[in-house]
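Right, one structure below, let's go through it.
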Amino acid sequence: MKREGHPFYQEVLFVDSSTGYKFVCGSTLQPKEKEMFEGKEYPVYRVAVSSASHPFFTGSKQFIDSEGRVDKFVKRYAKVAEKKEAEELKKEEAKKEAKKKTTEKKAKKKAPPQG
């Protein structure tokens, strides 16, 4: 087996950039930045999302990221939903008008001829 066939495995300090939460985990990452944590110096890797900030683990209803992608999606979806609601209202009104016309026709047919 080759000596340099596998990457160097070490303990790395992961820092959640949105909450500041820190945890140590073994990894083959080779970050250059170092930081003291619990009396020991670790290489530091900054993550955008971890279990401390992800809505699945935190139980929060809305996930807010730095670029606002979620907010853009919600706004876009709201516009689509409004359009669908308007179309459904138009369809319901058209059905009511059609029903009204058919009941008027039936009423005219049932009425005996006068004369």
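Any read-out appearing in this document is the output of simple, stated calculations on the displayed coordinates, not a laboratory observation. In this text the structure is predicted, and so the values were computed from the model without any measurement. Backbone-built Cβ (ideal geometry, glycine too); neighbour counts: all protein chains shown.
Quick one: would you say P55 is in contact with a Phe, Trp or Tyr (Cβ under 6 Å, 6 or more places away or on another chain) and touching a residue at least 12 places away in the same chain (Cβ under 8 Å)? Against the criterion (in contact with a Phe, Trp or Tyr (Cβ under 6 Å, 6 or more places away or on another chain) and touching a residue at least 12 places away in the same chain (Cβ under 8 Å)), P55 does not qualify.
Are any of the residues in segment 33-44 closer than 30 Å to V70 by Cα and surrounded by 11 or more Cβ atoms within 10 Å (Cβ to Cβ)? Within segment 33-44, one or more residues are closer than 30 Å to V70 by Cα and surrounded by 11 or more Cβ atoms within 10 Å (Cβ to Cβ). In this entry, V49 passes the filter for residues that are under 30 Å from the mean Cα position of the chain (by Cα), surrounded by 13 or more Cβ atoms within 10 Å (Cβ to Cβ) and not acidic (D, E). On the basis of being under 16 Å from the mean Cα position of the chain (by Cα) and surrounded by 10 or more Cβ atoms within 10 Å (Cβ to Cβ), does Y77 make the cut? Answer is yes for this residue.
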